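Below is one structure; the comments refer to it alone.
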Amino acid sequence: MSVLSVWIFLLNFAVLRNFSTASNIRTEHRSRPPTVIVGETSVIGTTGPDSVEFFGGLPFAQPPVGNLRFKSPVPVTSLKGHKFDATNWGPGCPQVLTELPGPVLSEDCLNLNIFRPAGTHASAKLPVMVWIYGGDFRIGAAASYNGSLIVQHSIERKTPIIYVNFNYRLGSLGFPTGFEAGAKKALNLGLRDQIAALGWIQENIHYFGGDRSKVTLFGESAGAISIADLYLNSNLERYIHGAIFESGTMGSNRLLLPSDGQALWTSFLSMIPACANTSSTHDSFDCLRSVPLDEIVQAQAAAVANTVVGWTPVIDGPGGFIPELPSELMARGHFSRIPFISGTNLDEGTLFVDTSITTEDDLRLYIATQLPGISDPAQMNAIVEKMLLLYPDDSDHESPFETNDTFGLSRQWKRGAAISCDVNFAALRRGWTDAASKFGVKTYAYLFNDPQLDSGFLGIPHASEIAYVYGAPIVDFVTPGSPEAFAKLSPVIMDYWISFAGSLDPNDDKGGKRAHWEPYRSSRQVLMQLHADNVTLIPDDFRREAIEFINENAAYFGH
């Protein structure tokens, strides 16, 4: 696993590590466990602390094993049998984990989990918040995200919601690439899993007291990127009425064609002896369906370790989820008109740039990796030199921002971290919210910049906001600024998110007192600053010249 993947996993996993396992959904001693009748099946859940009920491991598609490996999900909208034990999390999808304790994993992983207020009646019609986890499309699991504190907060503010999360296929199993995957229409399978989960919710959430016309999809990093990709060509309006993007939009992973991933797929096959000779025939799927799962998981991790092309969504052509570059689709208004919130953290790029960058030549090489849309050497050199001019050696264009401290690293690394922040997150967020607002979509934007304790050179990095959204302080790695600051800001963020889920407006005047959040408009481009000591609207004008250049040349950056 690459250093980047380890960092992403640790940050995402640490958010709720004290709350994430099934054993920590502690049951109260009641004579009868919560039961929901779904069709002809009694679904048996459990009640945890604070009167939140949990129902886990509900399948939304057939197990993607055997002949269904590397195929689109086969949706399941009903349960088998008279009783279904939903007292535990469903297993997460196959991946390489660190030495830290993690969720149970299985190839039979297409399942979802539901948290709701205890005693909710089927007729309650509560808004539904559906989370998609991040992790670079290689790691992550629903079981790492316990939504009980979000549900509890919604109860306390007298606007109860239901929380759902689900697993989707990762790595080569979820995002196969190369010529064969393109020819056999086996691209973006993980996105297809997500649509299957949303279809299950539409068919069944009313049994749990949810309102299928008020489903809000929210996610972070790869989760947010997934939602943004689904805005492009998935008929998403059939499934949700709102969305929240945390640190990711379409293009954050630099969208490429399947052919650009052929080298990765060939490398992957070379590490599986039984299938190595199929790389030249473009007929590997049948062979891979008989390979032990562990071989596939280890090979996909090793193959991607030293490449800038990863197991991520790709442009899948006419009729696909991502028919062409998002910037071209957005310019024509080819996206769902679903209201949304979208935002980034102050120092999104610090996790994604190798700290070995020490010279300007090192920085030039790094910038070149961010330009997949350029093949001509002269043009590449011109754009790289332009980026160096746009990101000079000063504190306004170096990340962590708002500090002159180099934390023992080179200022060239700090310039690279600023470029990474804007190329992969901030510029995309600004371009997305501006494009949507021009086409009449109601949208809100934010900047999370609450200082984190002892974060050092990471500043306020990618994934910092997750703890505040879930109401659970991170135990280690990146820690909220102080218990007092966290206790002040986390409820405000939860209020905004829950309010939006219920009314498509973060300003429902329920919960705690908070600043009024104005919609984002081309004529008034404003962000809500999420800072414990100063939650307020600020202009969206930081690094304007550099971000305008990135967005005006979006195709160069794979946007």
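Step by step: first the residues of segment 346-363, then only those that are among the β-branched types (V, I, T) and farther than 13 Å from D422 by Cβ, then the one that is farthest from the chain's Cα centre (by Cα). Which residue is that?
The first filter runs over segment 346-363 and keeps only residues among the β-branched types (V, I, T), leaving 350, 353, 355, 357-359.
Cutting the leftovers down to farther than 13 Å from D422 by Cβ gives us 355, 357-359.
On the way: T355: 24, I357: 27, T358: 31, T359: 33 Å.
Among residues in segment 346-363 that are among the β-branched types (V, I, T) and farther than 13 Å from D422 by Cβ, the one farthest from the chain's Cα centre (by Cα) is T359.
State whether the residues of segment 479-487 include one that is of a type in the set (S, T, Y), under 24 Å from the mean Cα position of the chain (by Cα) and closer than 24 Å to I161 by Cα. Explain how you work it out, then say what you get.
Step one: of segment 479-487, the residues of a type in the set (S, T, Y) are 479, 482.
Narrowing further to those that are under 24 Å from the mean Cα position of the chain (by Cα): 479.
Right, trim to closer than 24 Å to I161 by Cα and you get none.
Within segment 479-487, not a single residue is of a type in the set (S, T, Y), under 24 Å from the mean Cα position of the chain (by Cα) and closer than 24 Å to I161 by Cα.
For segment 304-337: of the residues being part of a loop (DSSP other than H, G, I, E, B) and of a type in the set (A, V, I, L, M), which is farthest from G373 (Cα to Cα)?
The residue in question is A305.
Select from segment 139-158 the residues that are among the hydrophobic types (A, V, I, L, M, F, W, C) and assigned to a loop (DSSP other than H, G, I, E, B) and list them in ascending order. Outline the logic, then answer.
From segment 139-158, those among the hydrophobic types (A, V, I, L, M, F, W, C) are 139, 141-143, 149-151, 155; that's our starting set.
I139, A141, listed by residue number.
Quick one: how many residues across segment 167-189 are surrounded by 24 or more Cβ atoms within 10 Å (Cβ to Cβ) and small (G, A, S)?
Total meeting the criteria: 5.
Just checking, which of S259, S221 is under 26 Å from the mean Cα position of the chain (by Cα) and within 30 Å of I498 (Cβ to Cβ)? So that I can check it myself, show each step before the final result.
Values: S259 fails: within 30 Å of I498 (Cβ to Cβ).
Testing whether each residue is under 26 Å from the mean Cα position of the chain (by Cα) and within 30 Å of I498 (Cβ to Cβ) leaves just S221.
Using the structure shown, decide if S437 is assigned to a helix (DSSP H, G or I), out of contact with any helix residue (DSSP H, G or I) (no Cβ under 8 Å at 6 or more places or on another chain) and either at pLDDT 95 or above or crowded, with 17+ Cβ neighbours inside 10 Å (or both). Can you show your working first?
On the way: assigned to a helix (DSSP H, G or I): yes; out of contact with any helix residue (DSSP H, G or I) (no Cβ under 8 Å at 6 or more places or on another chain): yes; either at pLDDT 95 or above or crowded, with 17+ Cβ neighbours inside 10 Å (or both): yes.
Considered against the rule, which asks whether it is assigned to a helix (DSSP H, G or I), out of contact with any helix residue (DSSP H, G or I) (no Cβ under 8 Å at 6 or more places or on another chain) and either at pLDDT 95 or above or crowded, with 17+ Cβ neighbours inside 10 Å (or both), S437 comes out as yes.
Within segment 217-232, can one find any residue that is within 30 Å of H282 (Cβ to Cβ), surrounded by fewer than 24 Cβ atoms within 10 Å (Cβ to Cβ) and either out of contact with any helix residue (DSSP H, G or I) (no Cβ under 7 Å at 6 or more places or on another chain) or in contact (Cβ under 8 Å) with a residue 12 or more places away in the chain (or both)?
Among the residues of segment 217-232, at least one is within 30 Å of H282 (Cβ to Cβ), surrounded by fewer than 24 Cβ atoms within 10 Å (Cβ to Cβ) and either out of contact with any helix residue (DSSP H, G or I) (no Cβ under 7 Å at 6 or more places or on another chain) or in contact (Cβ under 8 Å) with a residue 12 or more places away in the chain (or both), which makes the answer yes.
Would you be able to tell me the number of residues in segment 338-354 that are in a loop (DSSP other than H, G, I, E, B) and either farther than 23 Å from E552 by Cα or among the charged types (D, E, K, R) (or both)? Steps first, answer last, please.
Just the residues of segment 338-354 that are in a loop (DSSP other than H, G, I, E, B), to begin with: 338-339, 346, 348-349, 353-354.
Still in the running and either farther than 23 Å from E552 by Cα or among the charged types (D, E, K, R) (or both): 338-339, 348, 353-354.
Total satisfying the criteria: 5.
Taking the options D450, D393, D376, name whichever one is surrounded by fewer than 18 Cβ atoms within 10 Å (Cβ to Cβ) and in contact with a helix residue (DSSP H, G or I) (Cβ under 6 Å, 6 or more places away or on another chain). Before you say what the answer is, go through the steps one by one.
Values: D450 fails: surrounded by fewer than 18 Cβ atoms within 10 Å (Cβ to Cβ); D376 fails: in contact with a helix residue (DSSP H, G or I) (Cβ under 6 Å, 6 or more places away or on another chain).
Criteria check complete, one pass: D393.
So A515 clears everything in (1) over 17 Å from L149 (Cα atoms); (2) in a helix (DSSP H, G or I) except one condition, right? Which one?
Every condition holds for A515 apart from (2).
I'd like to check something: does segment 69-88 contain any residue that is of a type in the set (V, I, T), more than 30 Å from F175 (Cα to Cα) and at pLDDT 95 or above?
Narrowing segment 69-88 to residues of a type in the set (V, I, T): 74, 76-77, 87.
Then keep just the ones that are more than 30 Å from F175 (Cα to Cα); that gives 87.
Add one more test, that the residue is at pLDDT 95 or above, and what stays is 87.
Yes, some residue in segment 69-88 is of a type in the set (V, I, T), more than 30 Å from F175 (Cα to Cα) and at pLDDT 95 or above.
Does segment 518-555 hold any residues that are small (G, A, S) and in a loop (DSSP other than H, G, I, E, B), and which are they?
First, the residues of segment 518-555 that are small (G, A, S): 522-523, 532, 546, 554-555.
Within segment 518-555, S522, S523, A532 qualify.
Could you list, ordered by first residue, the pairs with Cβ atoms under 9 Å in which the first is in segment 287-298 and of a type in the set (V, I, T) and the second is loosely packed, with under 15 Cβ neighbours inside 10 Å and assigned to a helix (DSSP H, G or I), at least 6 apart or interchain?
V291/A274
D136 - would you say it is in a loop (DSSP other than H, G, I, E, B), among the acidic types (D, E) and closer than 22 Å to I244 by Cα?
yes
Exactly one of (1) outside the structural domain of P506 (by TED's automatic domain parsing); (2) in contact (Cβ under 8 Å) with a residue 40 or more places away in the chain; (3) farther than 26 Å from N551 by Cβ is unmet by S280. Its number?
(2) is the only condition that S280 fails.
Against the condition touching a residue at least 40 places away in the same chain (Cβ under 8 Å) and at positive phi, how does G431 come out, does it pass? Can you show your working first?
Values: touching a residue at least 40 places away in the same chain (Cβ under 8 Å): yes; at positive phi: no.
Answer is no for this residue.
Output the residues belonging to segment 505-515 that are in contact with a strand residue (DSSP E or B) (Cβ under 8 Å, 6 or more places away or on another chain) and surrounded by fewer than 18 Cβ atoms within 10 Å (Cβ to Cβ). Working first, answer last.
Kept after step one, since they are in contact with a strand residue (DSSP E or B) (Cβ under 8 Å, 6 or more places away or on another chain), are these residues of segment 505-515: 506, 515.
Residue satisfying the conditions is A515 alone.
Just checking, how many residues over segment 375-405 are within 17 Å of N553 (Cα to Cα), outside any helix (DSSP H, G or I), modelled with pLDDT of 95 or more and of a type outside the set (D, E)? Break it down into steps so the answer makes sense when it comes.
As a first pass, look at segment 375-405 and keep what is within 17 Å of N553 (Cα to Cα): 375-391.
Now narrow it down to the ones that are outside any helix (DSSP H, G or I): 375-376, 391.
Narrowing further to those that are modelled with pLDDT of 95 or more: 376, 391.
The next check asks that each one be of a type outside the set (D, E); those that pass are 391.
Residues meeting the conditions: 1.
Output yes when any residue across segment 262-269 is outside any loop (DSSP other than H, G, I, E, B), free of Cβ contacts under 8 Å to residues at least 40 places away in the same chain and buried (at least 23 other Cβ atoms within 10 Å of the Cβ), and no when none is. Spell out the reasoning first.
Residues of segment 262-269 outside any loop (DSSP other than H, G, I, E, B): 262-269.
Subset that is free of Cβ contacts under 8 Å to residues at least 40 places away in the same chain: 269.
Remaining after also requiring buried (at least 23 other Cβ atoms within 10 Å of the Cβ): 269.
Yes, segment 262-269 contains a residue that is outside any loop (DSSP other than H, G, I, E, B), free of Cβ contacts under 8 Å to residues at least 40 places away in the same chain and buried (at least 23 other Cβ atoms within 10 Å of the Cβ).
The values are calculated or read from the model by the stated rules, or taken from the named source; none is laboratory data. Since the model is a prediction, treat every value here as computed from it, not as a measurement. Every residue, glycine as well, gets a Cβ built from its backbone with ideal geometry; the counts of neighbours run over all protein chains shown.
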